[in-house]
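Supplied in structure tokens, the structure appears directly below.
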Ligand code: NI
């Protein structure tokens, strides 16, 4: 499932992140690339252990925890500390698949990448190109969202970032290990949860609300690893 989550950050938070990122020192993005993706990756990144990356990463994770849509869609067990990248002057990232396991540098923290996330930090009119293009079984999806918005997609997908031909594309990216590792099962739970929320809003006393809620929890109990 490919899901757009609007307004993860407020415009004030985006402005704060941008100001901090503007003043930071960026390095070649190939430092975190795997063997295969290093050949197609051309961008800049903040070093993983950079204090600005750590501060803004915590701000983003706190914002995700307050997003009901993110929580219900991702069912997160672990969130990788968010990283930051910048593309400009024709830079791009060719087709690749993200590494299955990620370890945070210098720590014992590691996760299985079930979901990939990109949080856009530049306004759409600040740059040309820079679309995130994700391939799944339903076809090819091109994504370019307003600043503060996030796209969540299965980490199993092939994806690339188109060349940025004007301005700079600035984003945060990270991975989520979900309590439900299978994308199909997670998508069913999400669809069921959204349907229960709709019926619960329109007819809260309908007896099926409790019946469907119990189906949701019993499926989650069957599929979740915690
Ligand atoms: Ni990637």
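Mind checking the log10 I(q)/I(0) for region 8-156 at q = 0.14, 0.19 Å⁻¹? Debye, one equal scatterer per Cα, no solvent, two decimals.
Evaluating at q = 0.14, 0.19 Å⁻¹ gives log10 I(q)/I(0) of -0.72, -1.55.
Rg to Rh for region 77-226: what is it, with Cα atoms only and Rh by Kirkwood?
Radius of gyration relative to Kirkwood radius: 1.06.
Using the beta-carbon distance between residue 222 and residue 99 and R0 = 30 Å, what value does 1/(1 + (r/R0)^6) give for FRET efficiency, to the nearest 0.05? Don't skip to the answer; put the middle values down first.
Numbers: r = 29 Å, r/R0 = 0.95.
Between residue 222 and residue 99 the formula returns 0.55.
Could I ask something else about it? Against the longest principal axis of the chain, how steep is helix 51-65, in degrees 0 to 90 to the nearest 10, with axes from Cα atoms?
Value to nearest ten degrees: 20.
Let me ask something else. At what distance in nm do the modelled label points of residue 110 and residue 191 sit from each other, each positioned 7 Å from its Cα along Cα→Cβ?
Label at residue 110, label at residue 191, 3.5 nm between them.
For the residues 86, 181, what sequence is obtained by ranking on other C-beta atoms within 10 Å, fewest first?
On the way: 86 20, 181 16.
Ordered from fewest to most neighbouring Cβ atoms within 10 Å, 86, 181 come out as 181, 86.
So what's the back-of-envelope 222 nm ellipticity for the chain, counting only DSSP H runs of four-plus at -39500 (n - 2.57) apiece and dividing by all residues, rounded to 500? Mind showing how you got there, number by number?
On the way: 5 runs with 71 residues, N = 226.
Estimated from H runs of four or more residues: -10000 deg cm²/dmol.
Quick one: if the Förster radius is 41 Å, what FRET efficiency do residue 49 and residue 88 give, using the C-beta to C-beta distance and rounding to 0.05? Mind showing how you got there, number by number?
Details: r = 23 Å, r/R0 = 0.57.
E between residue 49 and residue 88, to the nearest 0.05, is 0.95.
Now for a different question. Just to verify a number: FRET efficiency for residue 15 and residue 128, C-beta to C-beta distance, R0 = 22 Å, to 0.05? Write down the numbers at each step before the final one.
On the way: r = 22 Å, r/R0 = 1.00.
Here the calculated transfer efficiency is 0.50.
Could you work out how far helix 183-202 tilts from the main Cα principal axis of the chain, as a 0 to 90 degree angle to the nearest 10?
Between the helix axis and the principal axis of the chain, the angle is about 60 degrees.
Can you pull a Stokes-Einstein diffusion coefficient for region 38-123 at 4 °C (1.567 mPa s), Rh from Kirkwood over Cα pairs, as a whole number of µm²/s?
89 µm²/s
Compute the angle between helix 11-22 and the longest alpha-carbon principal axis of the chain, please, reported from 0 to 90 degrees and rounded to the nearest 10.
30 degrees
Given axes a ≥ b ≥ c from the Cα gyration tensor, I'd like to know whether region 104-158 is rounded (a/c under 1.5), prolate (a/b larger than b/c) or oblate.
Working: a/c = 2.86, a/b = 1.34, b/c = 2.13.
Oblate, because a/c is 1.5 or more while a/b does not exceed b/c.
For region 161-226, what value does the Rg/Rh ratio take when both radii are computed over Cα atoms and Rh is the Kirkwood radius, given to two decimals?
Values: Rg = 18.2 Å, Rh = 14.7 Å.
Reported Rg/Rh (Cα atoms, Kirkwood Rh): 1.24.
With a 10 Å Cβ neighbour count serving as the proxy for reagent exposure, in which order, fewest first, do 87, 153, 127 appear?
On the way: 87 25, 153 22, 127 18.
Starting with the residue having the fewest Cβ neighbours, the order is 127, 153, 87.
Can you give me the orientation-averaged projected area of the convex hull built on the Cα atoms of region 1-50, in nm²? Kindly include the intermediate steps, with their values, before the conclusion.
Working: hull surface 21.2 nm².
Averaged projected hull area, Cα only: 5.3 nm².
In µm²/s, what is D for region 1-89 at 25 °C and 0.890 mPa s, where D = kT/(6 pi eta Rh) by Stokes-Einstein and Rh is the Kirkwood radius from Cα pairs?
For the chosen part, D equals 168 µm²/s.
May I ask you to order 79-85, 43-49, 200-206 by the average number of other C-beta atoms within 10 Å around their residues, highest value first?
Values: 79-85: 22.0, 43-49: 18.7, 200-206: 10.3.
Per-residue Cβ counts within 10 Å, averaged per peptide and sorted highest first, yield 79-85, 43-49, 200-206.
Every read-out reported here was derived from the displayed coordinates using simple, explicitly stated rules and does not represent laboratory data. Owing to the predicted nature of the structure, the values given are computational and were not obtained by experimental measurement. When we count neighbours, we look across all protein chains shown, and the Cβ atoms used for this are built from the backbone with ideal geometry, even at glycine.
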